[in-house]
Amino acid sequence: MLFEYTRRRGLRSPVTDAPTFRVGKLAEAKTASQTGSDISHLIDRSYNYHSSRELHWHLADRLGIAPGAVTLREVRAA
C-alpha cells in the first residue's frame, strides 16, 4: 500500500534533542501518480514523529498489515 504524507514542523524532542515532525495530511495513493482518499483521521496528527521510518511502522501497526506492505512518499504542501 502506498501512502503519501505532508510534513509539518514539530518540536524538538525533549529526550534526544532531535527535530521532529507532525503529519499534515495522510492519503492512500490509488496509483504511483494519483493520490487517493484522505485518511488523516486514522492517526494522531498531534504526535511528533522522529523519522519517516517511525511513521512507516506506526501505519503498519495501526492498519494491521505487515511493515513490508507499507510504502511512504513525502509530498510537499502546495
Report task. Pick out the one residue from Leu2, Leu26 that is out of contact with any Cys (no Cβ under 8 Å at 6 or more places or on another chain), at negative phi, surrounded by 14 or more Cβ atoms within 10 Å (Cβ to Cβ) and in contact (Cβ under 8 Å) with a residue 40 or more places away in the chain. Result -> Leu2
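Those residues that are assigned to a strand (DSSP E or B) and open to solvent by less than 70 Å² (accessible area, probe 1.4 Å), I need them from the stretch 38-54; list them, please. Show your work before the answer.
Step one: of the stretch 38-54, the residues assigned to a strand (DSSP E or B) are 38, 49.
Of everything in the stretch 38-54, just one residue is assigned to a strand (DSSP E or B) and open to solvent by less than 70 Å² (accessible area, probe 1.4 Å), namely Tyr49.
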Requested in this report: Go over the candidates Ala27, Ala60 one by one and state the one that is in contact with a Pro (Cβ under 7 Å, 6 or more places away or on another chain) and among the small types (Gly, Ala, Ser).
Outcome: Ala60
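When you scan the stretch 14-21, do you find a residue that is free of Cβ contacts under 8 Å to residues at least 12 places away in the same chain, β-branched (Val, Ile, Thr) and on the phi < 0 side of the Ramachandran plot, even just one? Talk me through it step by step, then tell me what you get.
From the stretch 14-21, those free of Cβ contacts under 8 Å to residues at least 12 places away in the same chain are 14-15, 17, 19; that's our starting set.
After this cut, where a residue has to be β-branched (Val, Ile, Thr) as well, the list is 15.
Of the ones still in play, those that are also on the phi < 0 side of the Ramachandran plot are 15.
The answer is yes, given that some residue of the stretch 14-21 is free of Cβ contacts under 8 Å to residues at least 12 places away in the same chain, β-branched (Val, Ile, Thr) and on the phi < 0 side of the Ramachandran plot.
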Requested in this report: Please give the number of the condition Ile65 fails out of (1) in contact (Cβ under 8 Å) with a residue 60 or more places away in the chain; (2) not in a loop (DSSP other than H, G, I, E, B).
Outcome: (2)
**Report entry** Evaluation of Trp57 against (1) free of Cβ contacts under 8 Å to residues at least 12 places away in the same chain; (2) loosely packed, with under 12 Cβ neighbours inside 10 Å; (3) not in a strand (DSSP E or B) (one fails), failing number
**Finding:** (2)
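Out of Thr31, Thr71, I need the residue that is at pLDDT below 90 and among the hydroxyl-bearing types (Ser, Thr, Tyr). Which one? Working first, answer last.
Values: Thr71 fails: at pLDDT below 90.
So the residue among Thr31, Thr71 that is at pLDDT below 90 and among the hydroxyl-bearing types (Ser, Thr, Tyr) is Thr31.
The values are calculated or read from the model by the stated rules, or taken from the named source; none is laboratory data. Remember, predicted model here, so these are calculated numbers, not experimental data. No Cβ is skipped: glycine too gets one built from the backbone with ideal geometry, and neighbour counts run over all protein chains shown. SASA here: full protein model, heavy atoms, side chains in, ligands and nucleic acids out. Shrake-Rupley method; radii C 1.70, N 1.55, O 1.52, S 1.80 Å.
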